[in-house]
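What follows is one structure encoded as structure tokens, with my remarks underneath.
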Amino acid sequence: MSKSIDQIFVSAKHWLLSWLAGSPDWLIQIASSLVNIFALLAVFLTLFALMSVLERKILGRIQNRYGPNRVGPFGLFQPVADGIKMLIKEDIVPARADKSVHFLAPILIAAAAILALGVIPYGRNMTPFGIDGGILFFFAVGSTTELAVFMAGWGSNNKFSMLGAMRAIAQMFSYELPLFVTVLPIVMVVGSLSPDRIVAAQAEYTYGLVPRWFVFTPWGAAAFILFFVAGLAESNRTPFDVPEGESEIVAGHMTEYSGFKYATFFMAEYIGMFAISGLGLTLFLGGWHAPARVLEFLPSYLWFFGKLSVLLMVYVWVRGTLPRTRIDQIMNLAWKFMVPMAFTCVIAAAVWHYAGRGLRGWLWSLIVIASVYTLLSIVLDTRRKFAPRVYRFAE
Amino acid sequence: MNTGAFIAIAIVTLSAAMAAATLRKLMHAALSFALAIVGLAAFFFLVGAEFVGLALVFIYIGAVAVLIVFTILLTRRDVEKDHGFKWGGVVIAAAVFAGLTWSILKTQSTAIVAPQIRALTVKQIGQALMTTYVWPMQCVGLLLTAALIGALLLVIEEKP
């Protein structure tokens, strides 16, 4: 019974495709892809709408106010009102803008974000686009975002847009390196770039109790924290939201976008956030596996989306808690701390592997991580004496 | 199906490459170049070499194309200017084309039937890189590190 509920979406897809039985192979292939794409978009656009209202409500709670509470019960229909507003707003294109580039940028950015969702396993047998190099696909698609952001900044022909795009690209480039390197230990230990294999490697339980998720090893825990912070920066969320820092450069590369194009940017940002959290929990938090054997009767996709909502909640919590950092602090963090720590995780994972993947390996990798962390924190200690602030580019 | 996909991808790739060569605005040309790279990656996907296709997107779109657009942004002031038609370029392009055609025709590889090989997995590529080609790869790594340090030296600020 629980098995049929677990596979309910897979069997629904088979039932849909059975209507096409007997038609040529390529038609079935295309139909199968279309079903996957439709399901993915339906789920994640709904999640986007839900997230936009929940984020505002939770932020409101954190700041001791109500948040949206007028449209529908508890303000739940707020995204509908927002959507209608965005759709019927006037779409303004600056007269001196590079029209085609200005038009294409939001499309490209949303397409990249949605494509990245395709390789994540959402449940047992529920990977929309299961290719061998899924992890690489995720990052290859993600790297096109930088070009799209540049197109938005350039196409707008506006100095705030260009400045915002430059900031965004510098930040995304810097954090892409630690993001990618923190994934390497997982790929090394599992020996595969396919998300399905990575999830399968986290299936068992040590002593029948603790799930064998990678976050429960010292290198995995360190890599997960680094991955999460780098993910925050990649999706331009607080405290790394200087690219759009509205108090300095209006809204960065989105300054000259209005109406539905602005909504597309907004959507791409959220979908990118879903994608990066989805990948993070696939890599470190056991994907769709249940945290204990007794809880395995619940369907796998419920576990995936449960974990996803917890991660998204943390995103909102961080946004409500931390102030925006300066761009030089962001760069320093990326290059001086996150990159060395990410490489340390790779070494610690190797130590763990060669020490037998048991308790001994656990302790040895903990020693590696802890010693490098201590060393870095001594080297990077900036608690110097207070001194007048020096302005380098202004008098 | 494969032939249809091949023709579609070929049309996109070729027209993007043509656009990259002929468009007046430099920025548009650079973006068309990026599109042509996507087309090439699609070809690799079509023949089952996912890893090469993904690496192509990763390196050429994520790094090289961004580098090109930044170079245009930071160095050229006449991005929008029409530079007119140059006969020198035509001569060079024709010479390169003739040289390539000549060398391709000379190799006789067109007459040889491609041997049936199994699709390479990422694992095999990794093993080859870490065993047979480990020294060339280390050299590339050293070169890239040197380039990184060189870039740092260029932008490092001198103490007043």
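Some points to look at:
- Cα gyration tensor category, rounded, prolate or oblate, for the range A:206-307 with a/c compared to 1.5: oblate
- The range A:1-158 shape via C-alpha gyration tensor axes, a/c threshold 1.5: oblate
- Packing-based exposure ordering (other Cβ within 10 Å, fewest first) of A:ILE62, A:ILE378, B:ILE61, A:ILE169: A:ILE378, A:ILE62, A:ILE169, B:ILE61
- Mean residue ellipticity (222 nm) of chain A, computed from DSSP H runs ≥ 4 via -39,500 (n - 2.57), nearest 500: -22000 deg cm²/dmol
- Of the peptides A:283-294, A:80-91, B:94-105, A:314-325, the ranking by mean beta-carbon count within 10 Å, highest at the top, reads A:283-294, A:314-325, A:80-91, B:94-105.
- About its Cα centre, the protein assembly as shown has a charge dipole of approximately 740 debye under the convention of +1 per Lys or Arg Cβ and -1 per Asp or Glu Cβ, with nothing else charged.
- Loop-located chymotrypsin sites (Phe, Trp or Tyr not before Pro) across the range A:119-223 with a Cβ neighbour count of 10 or fewer within 10 Å are A:TYR207, with loop assigned by DSSP.
- Cα shape, the protein assembly as shown, gyration tensor, a/c 1.5 rule: rounded
- Taking other C-beta atoms within 10 Å as the exposure proxy, A:GLU296, A:GLU244 rank A:GLU296, A:GLU244 from fewest upward.
- Counting Cβ atoms of other protein chains within 10 Å of each Cβ in A:138-151 and taking the mean gives 5.
- Each residue in B:ILE7, A:ILE8, A:ILE58 was given a count of other beta-carbon atoms within 10 angstrom of its own, and listing them fewest first yields B:ILE7, A:ILE8, A:ILE58.
- Net charge of Cβ neighbours under 13 Å - reference A:GLY220; Lys, Arg +1; Asp, Glu -1: +2
Read the figures in this text as sums done on the coordinates, not as results from a lab. The structure displayed is predicted, hence computed values, not measured ones. Methodologically, a virtual Cβ is constructed for each residue, glycine included, from the backbone with ideal geometry; neighbour enumeration extends over all protein chains shown.
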